[in-house]
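Before any comments, here is the structure.
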Amino acid sequence: MSRNLLLGAILSSLVILAALLSFLWTPFDHTAMNIPEKLQRPGVVHWLGTDHFGRDIFSMIMVGARTSLAVALVAVGIGMAIGIPLGLTAAARKGSWLDELIMRGNDLVFAFPSLVIAILITAILGPGAINAIIAIGIFNIPVFARVTRGAALPLWQREFILAAQVAGKGSARISAEHILPNVANLLIVQGTIQFSLGILAEAGLSYVGLGAQPPTPSWGRMLADAQTMVSLAPHMAIIPGSAIVLTVLGLNLMGDGLRDWLDPKLREART
Amino acid sequence: MIRYSLKRFLSLCLSLAVASVVIFAIIEIAPGDPAEFMLGINAQPDTVAALRSELGLDQSKLQRYLTWVGGMLTGDFGTSYTYRTPVSEMIADRLWVSLPLALYALALSTLIAFPAGIYAAARRGKPGDMAVMGATQLGVAIPNFWFAMLLVLVFAINLRWFSAGGFAGWDDGLGEGLKSLTLPAIALALPQAAILARVMRSALLDILGEDFMRTARAKGLSRRQALWRHGLRNALIPVLTIIGLQFSFLLAGAIIIEQVFYLPGLGRLVFQAISSRDLIVVESVVMLLVFAVITVNFLVDLAYALVDPRLRSRT
C-alpha cells in the first residue's frame, strides 16, 4: 500500500468516524447557545473554541461532517446509479443512435457551468440539503457515463466477451456480468474523486446559503457565519475550512493511491 | 478541415438551442409570479394583471420563449423586471468586473503553473518535484472562497495592503481597479493553477519519453536544454486546451468569489436577480455563461484540430 493511500485512508476514516460518532456523542450540544462563552479561542473546555453564539465548534464540526459526507455520498450515488447504466449501454451499442444520443447529452451537461446551474436549481427548488444533492448529483451523471463507456469499449473487443456472446448471452447481461466487474476498479477511483468534489460543491452551496439550512450545521454555512467575524475570531473561519481541506485532501490522496494500487502498470509508468 | 469545422459548428448551434430550452424550462418551473413579487402582497388583482401583460407574462410559454431567444440573437435581452433597465446594459456593466477578473485569474494561474509544472517535470522524483506535487494536492483541496477569506484576513485586515472588498471601478485608473481585483483573482487562480501545473508536468513527462527527445539528447543537448527547446513546445498542446477550458470555468466560478469580496460582477447580479425574482436577468446571465462555455469549448476543439490533423478524422 502506498504512502498516499495510507495517509488518505487515515484522513478519510477520521472524518467518517467523527461523523458517525456525532450520532452518539458530541462534547456539547451543537445547537446550544451560550452567549457568555461566545468567541472563545480553542482551549481545554471548548477544544476548538466557540462561535459568536457560544456554540461549541468541535461539536458543530462533527455534526457538519455528517452533512458534508451525506450530501456528497448521495450525489455520487445518483451519478453512479444513472451514469453507469448509461455508459454501459453506450458502450454495448457503440456507434448506434443511442450511443450518439447518450454521448451528446453528456457533452451538453458538461457544457453547463455546473456551479451556476447548481445555484439556479437550489435557488428555484428552494435551499436545502436535498436540493443541493440533486444539483450536485446531476453533474456526476455524465462523468460516470463517460468513464464507464471509455473503460467498457476496449473490453468489448476481448475474447471472453466474444465467448459470452457465443454462449448466447445478450448485451445487457454481458454488460452486467462481465463488463461491470472489470470496470469497477476505475469506477471506485472516480467515485472517490467525485466524492471529494461533492464535498467542495456542498461547502460552496452552503456558503452562499443554498445548502443545508440552520440549525443543521454544515461546514460551508459555518464559513459564511465566520466571514463577518474573521478579524475578531479568525478560528471561526480557520477551523471549518481546515476540516474541508483535510477531508478533500484525504479523499484525493486515497483516490490517487487506489488508482496506483489497483493498476500496477500505471504505478510503473508514473515513476 | 472545413467539413470538421462545419460539423462542430452544427453541434455548437444544437447545444446552444437545447441549452436555451433547458434554461427556459428551469426558470418556468420556478415558483412565484414576478408581477406579484414586484407589487407586493397588498396589490390589487387588476394591477397585477396589468403588470403581467406589460411584462409579457400573459403570453403563451412558446411565445415567450421565442421572444426571448429572438431578442438575444439581436442583442436585445429584454428589460429587467426590478430595475426597468435593459438587461443587456446591466450585463455589460457587470462584465467590466467579471471579465477582467477572469482574465486576471487566468494570467495568474498560468504564471504560477508554468514554472511550477516545468520545474517539477525537470526534477521528477526529486524533493523539488515532490514539494510541487504536494502543493498542488493542497491547491485542489482548498475551497477558493475559504482561501479568499484567509487572504482577506492576512492582506486586508492584518497587513492592510488591499481593501477587504468592493470594487474601485476603472474611472480612477487601471491600477486602482486591478488592485481591488488582486485578492479575488489570486483566490480564483489557486485551484486552477494547481490543476494546470499537474497537467503541465504530466504533459512534459509524456514528451520526455518520445523518440525525438532521445534524438535531442543523443545529439548532445543536456536534459534541461532538450526540455526547453523540444519538450515544452510539444507539451503546450494539451496545456493550452486546459487553459481554454479554465477560462470559461473562471468566468462562471467567479460567482462565489464575487460574494466574498462584494464585487459587482455577473455572479452578484445573478444572486440579486434570483432573490428578487427578476427571472429575465437570471435567464439571460445563465444563458450568456453557457454560451461562453460552449463557444470556448468549440474554439478549443477547432484549435486542437488545426494543430493535430488526426483528430479531424476521429470525430
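The values are calculated or read from the model by the stated rules, or taken from the named source; none is laboratory data. For clarity, every value in this text was computed on a predicted model and none was experimentally measured. Positions of Cβ are generated from backbone atoms using ideal geometry, with glycine treated the same way; all protein chains shown enter the neighbour counts.
Taken over the stretch A:183-225, the criterion of being of a type in the set (Asp, Glu) and surrounded by fewer than 22 Cβ atoms within 10 Å (Cβ to Cβ) is satisfied by A:ASP225 alone. For the structure I just gave you, tell me whether B:ALA102 is buried (at least 17 other Cβ atoms within 10 Å of the Cβ), assigned to a helix (DSSP H, G or I) and either more than 14 Å from every other protein chain (Cβ to nearest Cβ) or at negative phi (or both). Criteria met by B:ALA102.
Results for (1) closer than 30 Å to B:MET130 by Cβ; (2) buried (at least 23 other Cβ atoms within 10 Å of the Cβ), shown as yes or no for each residue.
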{"residue": "A:ALA32", "(1), (2)": "no, no"}
{"residue": "A:GLY64", "(1), (2)": "no, yes"}
{"residue": "A:ALA72", "(1), (2)": "yes, yes"}
{"residue": "A:VAL76", "(1), (2)": "yes, yes"}
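Take B:ILE257 and decide whether it is in contact (Cβ under 8 Å) with a residue 60 or more places away in the chain and closer than 25 Å to B:PHE147 by Cα. Answer is yes for this residue.
Quick check on the stretch B:87-94. Is at least one of its residues part of a helix (DSSP H, G or I), among the polar types (S, T, N, Q) and within 20 Å of A:LEU200 (Cβ to Cβ)? No, the conditions are met nowhere in the stretch B:87-94. The residues on offer are B:ALA19, B:ALA25, and the sole one that is under 20 Å from A:ALA123 (Cβ atoms), within 14 Å of another protein chain (Cβ to nearest Cβ) and exposed (fewer than 12 other Cβ atoms within 10 Å of the Cβ) is B:ALA25.
Taking the stretch A:64-166 and the helices (runs of 4 or more DSSP H) fully enclosed by it, the elements with 2 or more residues that are touching a residue at least 60 places away in the same chain (Cβ under 8 Å) are at A:114-125, A:129-155.
Restricting attention to the stretch A:73-107, the residues that are within 14 Å of chain B (Cβ to nearest Cβ) and under 22 Å from the mean Cα position of the chain (by Cα) total 2.
Okay, residues lined up against (1) surrounded by fewer than 16 Cβ atoms within 10 Å (Cβ to Cβ); (2) within 14 Å of chain A (Cβ to nearest Cβ); (3) among the small types (Gly, Ala, Ser); (4) in contact with a Phe, Trp or Tyr (Cβ under 7 Å, 6 or more places away or on another chain):
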| position | (1), (2), (3), (4) |
| --- | --- |
| B:GLN225 | yes, no, no, no |
| B:ALA235 | no, no, yes, no |
| B:ILE243 | no, no, no, no |
| B:ALA254 | no, yes, yes, no |
| B:PHE271 | no, yes, no, no |
| B:MET287 | no, yes, no, no |
| B:ILE294 | no, yes, no, no |
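Scanning the stretch A:178-227 for residues being away from every other protein chain (no Cβ under 13 Å) and farther than 28 Å from A:ARG146 by Cα gives a total of 6.
When B:ALA194, B:ALA189 are checked against the criterion of being surrounded by 22 or more Cβ atoms within 10 Å (Cβ to Cβ), more than 14 Å from every other protein chain (Cβ to nearest Cβ) and either outside any loop (DSSP other than H, G, I, E, B) or charged (D, E, K, R) (or both), a single residue qualifies: B:ALA189.
Residue count for the stretch A:210-264, restricted to those that are touching a helix residue (DSSP H, G or I) at 6+ places or on another chain (Cβ under 8 Å), of a type in the set (Val, Ile, Thr) and farther than 23 Å from B:THR136 by Cβ: 3.
Comparison of A:VAL230, A:VAL245 shows that the only residue that is in contact with a Leu (Cβ under 6 Å, 6 or more places away or on another chain) and either of a type in the set (Asp, Glu) or within 9 Å of chain B (Cβ to nearest Cβ) (or both) is A:VAL230. Residues that are exposed (fewer than 11 other Cβ atoms within 10 Å of the Cβ) and farther than 15 Å from A:ALA91 by Cα within the stretch A:161-182 comprise A:VAL166, A:ALA167, A:GLY168, listed in sequence order.
Within the stretch B:120-130, does at least one residue satisfy the condition of being surrounded by fewer than 23 Cβ atoms within 10 Å (Cβ to Cβ), at pLDDT below 90 and part of a helix (DSSP H, G or I)? Among the residues of the stretch B:120-130, at least one is surrounded by fewer than 23 Cβ atoms within 10 Å (Cβ to Cβ), at pLDDT below 90 and part of a helix (DSSP H, G or I), which makes the answer yes. Screening the stretch B:35-82 for residues that are at pLDDT below 85 and among the aromatic types (Phe, Trp, Tyr) and picking the one that is surrounded by the most Cβ atoms within 10 Å (Cβ to Cβ) gives B:TYR81.
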